[in-house]
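No lab work stands behind these numbers, since they all come straight from the coordinates. Being a predicted model, the structure only gives us computed values, none of them experimental. When we count neighbours, we look across all protein chains shown, and the Cβ atoms used for this are built from the backbone with ideal geometry, even at glycine.
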Amino acid sequence: MKKISFWWIIGMLLLKSASAGEGMWIPMLLQQLNEKEMKAMGMRITAEDIYSVNKSSLKDAIVLFGRGCTAEIVSDQGLLLTNHHCGYGQIQKHSSVEHDYLTNGFWAMSQSEELPNPGLTVTMLMKMEDVSMAVLSGLTNELSESQRNAKISENIRILTEKAAKESGFEVVIRSFFNGNQYYMLYNQVFKDIRLVGAPPSNIGKFGGDTDNWMWPRHTGDFSVFRIYVDKEGKPSEYKPDNVPFKPAYHLPISLKGVEEGDFTFVFGYPARTSQYLPSQAVKLITEVSNPHKVNLRGTRLDIFKKYANSDPKVRIQYAAKDAGVANAWKKMIGESKGIRRLDGIARKQQLEQDFQKWANADVAFQKAYAPLLPAFESNYKELEKLTLANDYINECGLGIELIRFSAMFKPLSDEASKPKTDQKKLEEMSKKLQNQVKEFFQDYHQPIDIEVAEAMINAYLNNQPTDFRPDFLNDINNDFKGNVSDWVAGLFEKSIFTSQNKLLAMLEDASPRKIRALQKDPALLTLKSMRDFYETRLQKPLQNLNASNDSLQRIYMRGLMEMQNNKLFYPDANFTLRVTYGKVEGYQPADAVYYNHYTTLKGIMEKEDPNVYDYVVEEKLKALYKEADYGIYADTNGEMRVAFAASNHTTGGNSGSPVLNADGQMVGINFDRCWEGTMSDLMYDPAVSRNISADIRYVLFIIDKFAGAKHLVDEMTIVR
Ligand code: ARG
Ligand code: ASP
């Protein structure tokens, strides 16, 4: 046997710290829990520089963008950077055939040209406090779970109302560690957010869904916005004479770039992770639910693709739908593969065996912890059938656009069917629906939907048991002798929801009698059949099992923390501000293959294919590449870097987050993860879990040299 030397051990220790990347940490606890490790990994600033309530700090520049992304303030005039895919909805709304900003990009050359976005908000955390004691006060062991929850809700209500009144901020309390800790968050919400700039889609979305979730990547996934406030500097709804916001802090931007091994951290709003689930839950997600959903989505995507490839109009109509279906589809494939590769279920089972042994060994722990795992076991066993039944409603039934669209009319038809109809209300509802009808048909191609419907209904019939599915499926067997094509043909022939004109005419009259007839429409009847099935067979048991699992999970979480009492735990992501840190590093995705930690403009030219939509390159970008005209944005070799990979533990919601270097200067915008590592929401693997970021130098190069909007770069604080 090889002799283990002292140096070997030191080497292993170094190796261990070099790959530390797991964890989404609470900014307020960084000093206590993480600062030492962060400094050991290379950080040169302090935890207090990142999060402070006493002085301005990095946190003053980080905001929740809309409801699902992160953005950061990069100038003293409230300029914001986020991802292109985060600003996509806004860019699309401002686009028309004459001004196609999605295709061509948009740049406001002065503040007066910046475009308002009603409904878009930006939320800034002012401070946070641990309120666990107050939220959990008054709870006794005698309370049932529902009494316990009621008491907690009541405590939360009283605490938030009081804090909101005293502080003038919007206050929320969030649960951490599955209900073992609670934090109060004081937020300021800005409501006048204007679009400043966006690159053309073939830069902002270069590689499209083909490259999505993948490294190596060449996407310039960024867009630019600005926060406006009233003359007193207070958040306000859009007003033409509002002024740019003056933040307490804005991020300096470094042109020095990052190299393999450099320390980086990501500061943002990760949405949801489930790191502490028992093995049965991981199995249900990755071995049962994901594979079914992946198949169903794959079928739909194939149909979309067939039509999109033969008709450019259809490709545009289905671009956003396709992106939505494809994003989760690809993520689930990566997640299930990743867990299998990690042997994740067996690892969890091992932990559970240890837990059970530990719990049984001590009378003090036995009562609370010993029954947990068997209870999980039986709950998740019961959940399997219910989860799949629910998945099939959502993916198959509602995967048919006609059915999903008809659901929008359910409230209207219910209103018309009341014994005493309120004509005024009916007219108001009809009026609102008119726009939705027009929007729907603008992006609807019926031949696709018919083909999808046939495929989905067949899959539904083949995969869900006769005694546990909506009645309409059994009617297909009885009334149509199982001929799905006939049933689908009848659905599309008889339903009013296939006809824009008929629908608009109906909404125009708003006659209760005609609207009432919707109750007999085959699309709404199908929807009703699924709803009835859900309400009678799924809803109650799902609610009960989920509530039971929530409470088991809370106790299991506490137990894990007690058992491994010298391990540092981080709470699952819950859409609160977090810091995650790691290093810039490539990885080995497969045997004999190594991926470098950065990509360059040369790679864009290599991928270029004028015949493949995802790989079309702008003429102007090609010209800039030919001249190698990168100015101050080039790396030390004179190359243009586009993106880089690092081991920061991120998830959905981290999109748009700044990636910062050891000095707290911005070096990139986070936008994705690599496919091999997407199981990180359930189990992080330091060997292959990587976040993907646009190199900030590419972003500035596009703004300055490509778009000619240098005035925006001049506004920023650039460190050379
Ligand atoms: N995968 C990234 C995320 O989960 C980017 C999604 C948007 N891009 C796309 N090609 N669909 O949000
Ligand atoms: N692309 C994701 C987002 O939009 C980020 C991720 O899942 O890594 O938030």
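Of note:
- All Cα pairs of the stretch 325-377, percent lying beyond 13 Å: 67
- Of the peptides 270-282, 433-445, the order by per-residue mean of other Cβ atoms within 10 Å, starting with the highest, comes out as 270-282, 433-445.
- Residues 669, 632, 457, ranked from the fewest to the most other C-beta atoms within 10 Å, line up as 632, 457, 669.
- Likely footprinting exposure, 335, 145, 562, fewest C-beta neighbours within 10 Å first: 145, 562, 335
- Considering the stretch 385-443 at the alpha-carbon level, its Rg and Dmax are found to be 14.9, 44 Å.
- Length, then width, then depth: along the principal axes, the Cα atoms of the stretch 102-235 run 63, 44, 20 Å.
- Gyration tensor analysis over the Cα atoms of the chain returns equivalent ellipsoid semi-axes of 40, 36, 28 Å (largest first, whole Å).
- Descending principal axes extents, the stretch 663-720, alpha-carbon based, whole Å: 43, 26, 15
- Cα-based convex hull, the stretch 353-507, per residue volume (Å³, whole number): 213
- Principal axes of the stretch 579-693: Cα extent on each, largest first, Å: 43, 36, 29
- Under the criterion of Cα pairs below 8 Å and six or more residues apart, the relative contact order for the stretch 136-189 equals 24 percent.
- Restricting the calculation to Cα atoms, the stretch 293-384 shows an Rg/Rh of 1.30 when the hydrodynamic-style radius is the Kirkwood one.
- Neighbour-count order for 114, 639, fewest beta carbons within 10 angstrom listed first: 639, 114
- Estimated D of the stretch 349-405 in µm² per second, where Rh is the Kirkwood radius over Cα pairs and Stokes-Einstein applies at 10 °C, 1.306 mPa s: 113
- Sequence-distant residues sharing a close amide H with residue 25 (under 5 Å, placed H): 579, 580
- Of the two radii for the stretch 244-320, the radius of gyration is 1.19 times the Kirkwood radius, both from the alpha carbons; that is the Rg over Rh value.
- Relative frequency of Cα-Cα separations exceeding 14 Å in the stretch 532-611, percent: 82
- D_trans [Stokes-Einstein, Kirkwood Rh over alpha-carbon pairs] for the stretch 437-502, 37 °C, 0.692 mPa s, µm² s⁻¹: 251
- Kirkwood-Stokes translational diffusion coefficient of the stretch 625-711, alpha-carbon pairs, 25 °C, 0.890 mPa s, µm²/s: 173
- Protection-proxy order for peptides 529-535, 670-676, each taking the mean of Cβ atoms within 10 Å per residue, highest first: 670-676, 529-535
- The stretch 41-182: C-alpha gyration tensor shape, a/c 1.5 cut-off, then a/b vs b/c: prolate
- Rg/Rh for the stretch 474-613 stands at 1.20; both radii use Cα atoms, and Rh follows the Kirkwood definition.
- Whole-percent pair-distance distribution, where bins are 10 Å wide, for the alpha carbons of the stretch 68-124: 18, 55, 24, 2
- Radius of gyration, Dmax [the stretch 180-309; alpha carbons; angstrom]: 21.7, 57
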